[in-house]
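Below is one structure, written out as structure tokens; comments come after it.
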């Protein structure tokens, strides 16, 4: 990618991905039950080698992957992204035993991963987590390994708004171990779904993806279940989000481009007022605005991805900017696409009706738009202080 224009090989790959999404993955998605994990869809993502790309790619390639899949099949894009989000901490911080047990099955689409950070009282404010990891000398026995002099822990509390819950096979869980105040006292654990005391229930949400709550009633974990070191959990979470935030923006850009292309085709063909909808200046100018905003968002997403791959120190600011602009832009574009289509776009099963439900959640998850603005401002003023 040179100057944020795709090379010929990248264009060809993205075209192949869009075709796979439409021809192979969308039929599987349509057979799935809304709000449930679609295991045949995950298996197909594994067979196509796309889940492997999540773990072997840089941020730029991940963004291309997510944007292209989102254009053709949002369910496939989300299923892929959730596997990456739930298992990336295992890739980066897991032990050899943890990686060996879980990652091959995640890559193959055979095991379902989940990222369990949010709680009923701690969504955007991740440092306010309350899920307690209480020291217990006997908790590690038989579930991990010797937890050391302090033994293991028992997890007690709740998680909420967790994608793939309660059907995931394992969870990356963030709990308060108390090494320090706020973010300094959070640790990350890999918790298999069959641990005693772990239960969950699905939540009926606007979008069709599996989302649920989890209850931890003294769930035992040992030191072999840790991801990284005690007290390092907030770093594990932020490293993961810094990679995936720009690619959430890519997901949004993919939806915006699908809505824009549908609008161009519809307004160019739709007869109205003695001509075509596209002949009306109000319509043409609105489409021009939709296209301009989409392209601006795309450029910012890929600039952030390039910064991540290049090891730039300003990744948090760039990632936040990319997610903010892309998700807000996608909401704007899809909303105006529905308006220009009229009542036909409100009919259940129409592409835009589907996108209208899909596009709302990305402005909230992995840090709401307000949180992204806070991150951007803090990073900007940190730069002023450094100078």
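Miscellaneous remarks
- Scanning region 199-226 for residues that are in a strand (DSSP E or B) and within 16 Å of residue 119 (Cα to Cα) yields a total of 11.
- Residues of region 332-351 that are crowded, with 20+ Cβ neighbours inside 10 Å and under 14 Å from residue 70 (Cβ atoms): 333, 334.
- Check on residue 326, within 30 Å of residue 117 (Cβ to Cβ) and assigned to a helix (DSSP H, G or I): yes
- Boolean, residue 58 is in contact with a helix residue (DSSP H, G or I) (Cβ under 9 Å, 6 or more places away or on another chain), surrounded by fewer than 18 Cβ atoms within 10 Å (Cβ to Cβ) and within 23 Å of residue 362 (Cα to Cα): yes
- Residues of region 155-169 satisfying the condition of being more than 17 Å from residue 81 (Cβ to Cβ) and crowded, with 24+ Cβ neighbours inside 10 Å: 155, 159
Read-outs throughout are calculated quantities, based only on the coordinates presented, and are distinct from any laboratory measurement. Everything numeric in this text was worked out from a predicted model, so none of it was measured. When we count neighbours, we look across all protein chains shown, and the Cβ atoms used for this are built from the backbone with ideal geometry, even at glycine.
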